[in-house]
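Here, each number is a calculation from the coordinates, and none is a lab measurement. Fair warning: this is a prediction, and the values are worked out from it, not measured in the lab. Here the Cβ positions follow ideal geometry from the backbone for every residue, glycine too, while neighbour counts run over all protein chains shown.
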């Protein structure tokens with residue numbers, strides 16, 4: 001692993017009597033594509049929310065590129081891009097206007113914003129729809145626009161919280177290609193997903209968390225070999241059980 | 001604080017107002033439709049046990065002032081007029097322009113002499129010493145302009161011993177402020193319209209914050225380096241812009257319908273500034289609404305907790321309120337804005353007059369306090 005871009009040390013997050021993160025420690029290297037896997041309610045989104053500065057941890061600490069996520073949150077927010085789980089876009093703005101807005105919130109200059117906007121719209125296949133109101137977009141198009149909003153300012157560290165949910169296979173593969181391209185640009189990426197083939201295909205390493213604890217860590221191949229199963233999905237089922245979970 | 005962020009968020013908020021049909025209706029069309037309909041339905045004279053404060057400048061002189069005393073006693077006996085005596089016309093005019101009294105009766109120095117000449121030769125007008133009682137009315141009160149002149153006329157007739165209007169030595173003339181025949185329901189309600197339109201911003205702000213929370217946009221914005229100060233500043237600027245557009249629309253509409261106050265550009269500019277300041281309090285109330293509301297739908301209903309009192313106690317709706325309600329008026333900022341606008345447009349008060357400055361100061365205090373309370377409550381429960 002390269003020099004760490006993300007460092008999590010003994011992170012604890014409690015909601016009254018529920019422990020969402022239980023002494024979680026983890027390091028993600030610069031340029032690494034890390035898969036954060038776990039059943040519903042395991043603590044994946046809580047981890048991302050703490051790293052983004054949206055949630056204050058009950059204990060422990062975390063840093064991104066050397067900046068403490070609590071003490072230097074404004075600096076951290078300049079460095080990160082987050083594709084959140086909700087398809088959060090302004091429906092009354094066009095796709096291009098949504099992108100403009102978030103570019104301006106990151107205080108991008110006009111020329112750079114225009115260049116990156118055109119590039120990302122093109123890569124996400126939204127050229128013909130960029131000037132339509134986002135309310136008219138399909139679910140997949142909204143997810144792709146949401147991804148562009150997370151990446152418009154060219155962040156160093158990217159959090160992708162289930163980025164391919166509700167996408168058709170074509171869109172999903174386009175997004176996979178794009179994520180791999182980001183990796184070639186030495187971006188650090190944390191990907192949470194319920195699609196195990198997605199994690200197996202894309203991730204350098206994966207961490208499986210359950211009940212807020214890290215229960216497995218390694219490359220997909222290492223975990224498959226260690227658990228003597230055929231694929232990552234079987235590793236996941238073996239470690240977390242077959243019981244259905246709901247988001248807490 | 002980055003202006004680029006504030007401008008981007010402001011632009012977004014204004015686009016929302018223009019593009020969302022429900023918002024567009026609520027912000028611009030509803031107040032206009034409601035105001036026109038309400039003005040048409042309730043613009044007439046009031047009724048009930050209303051008491052008018054009347055200033056009296058009695059310059060009646062000579063050997064006997066018995067007729068002027070009799071005249072004033074007759075007016076007092078009506079139980080409708082509360083007479084306040086003034087020693088000079090100037091101080092009475094000041095109180096009239098500030099809304100403290102609804103009319104001034106100016107009794108001329110030859111009043112009793114005139115009536116004495118009438119009594120001496122009631123059928124010979126050539127022997128009369130003619131006199132004229134001047135009446136100055138508050139143009140901001142439609143009810144006063146319609147109710148007071150007949151009462152005075154009745155009082156004058158009682159001096160001549162006649163029950164019906166006849167030719168007499170004493171006549172009632174209207175002062176320069178009085179335009180009894182030209183004042184309309186629209187003139188009366190127009191100042192309140194400016195305030196009324198802005199009140200509905202409360203609902204829009206409440207809905208907007210609750211909606212952004214529901215659909216994850218608030219979370220998305222919080223992930224950017226945008227500070228809470230920048231975000232709140234953008235909301236205040238956005239809704240001030242919207243309030244300005246509202247005021248311009250309402251003014252254009254009322255002007256087209258015949259509301260032509262005889263005031264200059266500085267007064268209009270000041271009126272717009274008052275509406276802008278008032279919009280800040282509505283952002284504050286909107287934030288409190290969003291704090292209480294669990295969803296944008298709930299915010300619509302909860303907003304009425306703040307909309308209704310402001311509407312009924314602080315705009316033209318509250319023209320003929322009970323004395324208890326008139327006391328309650330003092331606790332809503334819209335009252336002070338409407339009062340100031342009425343003084344400016346209808347009473348002819350200058351923008352530097354004490355009444356206007358006091359109204360502005362109280363409005364400012366309300367606005368800052370309500371916005372601060374809104375921010376504090378919202379950020380305590382949710383993150384901005």
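Below are the figures for this structure:
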read-out: Pairwise Cα inverse-distance average, inverted: Kirkwood Rh of region B:290-384 (Å); value: 15.0 Å
read-out: Sequence ranges A:144-156, A:225-237, ranked by mean other-Cβ count within 10 angstrom, highest first; value: A:144-156, A:225-237
read-out: Proxy reagent accessibility, fewest Cβ within 10 Å first, across B:117, B:227, B:68; value: B:227, B:117, B:68
read-out: Rg to Rh quotient for the protein assembly as shown, alpha carbon positions, Kirkwood Rh; value: 1.21
read-out: Likely footprinting exposure, B:63, B:334, fewest C-beta neighbours within 10 Å first; value: B:63, B:334
read-out: Computed [θ] at 222 nm, helices only, for chain B once each DSSP H run of length n ≥ 4 contributes -39500 (n - 2.57); value: -21000 deg cm²/dmol
read-out: Per-residue mean of C-beta atoms belonging to partner chains within 10 Å, peptide A:94-103; value: 3
read-out: For region A:62-163, alpha-carbon Rg and Dmax in angstrom; value: 13.8, 42
read-out: Mean shadow area of region A:103-238, taken as a quarter of the surface of its Cα convex hull (nm²); value: 9.7 nm²
read-out: Proxy reagent accessibility, fewest Cβ within 10 Å first, across B:343, A:138; value: A:138, B:343
read-out: Mean Cβ neighbour count within 10 Å, used as a protection proxy, ranking B:232-238, B:87-93, A:171-177, A:206-212 highest first; value: A:206-212, B:232-238, A:171-177, B:87-93
read-out: Cα-based helix-to-principal-axis angle, A:95-105 vs chain A, degrees rounded to 10; value: 70 degrees
read-out: Crossing angle, helix B:296-314 versus chain B [Cα axis fit, 0-90 degrees, rounded to tens]; value: 20 degrees
read-out: Average other protein chain Cβ within 10 Å of Cβ, residues A:84-91; value: 5
read-out: Number of partner chain Cβ atoms within 10 Å, mean per residue of A:71-77; value: 2
read-out: For region A:168-248, Kirkwood radius (reciprocal of mean inverse C-alpha pair distance, Å); value: 13.9 Å
read-out: C-alpha center-to-center spacing [region B:274-353, region A:89-130] in angstrom; value: 40 Å
read-out: Interatomic Cα distance distribution for region A:13-80, bins of 5 angstrom, percent; value: 3, 16, 27, 26, 18, 8, 2, 0
read-out: Cα Rg, Dmax, chain A, angstrom units; value: 17.9, 53
read-out: All Cα pairs of chain B, percent lying beyond 32 Å; value: 44 percent
read-out: Helical contribution to [θ] at 222 nm, DSSP H n ≥ 4, -39,500 (n - 2.57), averaged over chain A, rounded to 500; value: -11000 deg cm²/dmol
read-out: Projected-area average for region B:244-317 over all orientations - Cα convex hull basis, square nanometres; value: 6.0 nm²
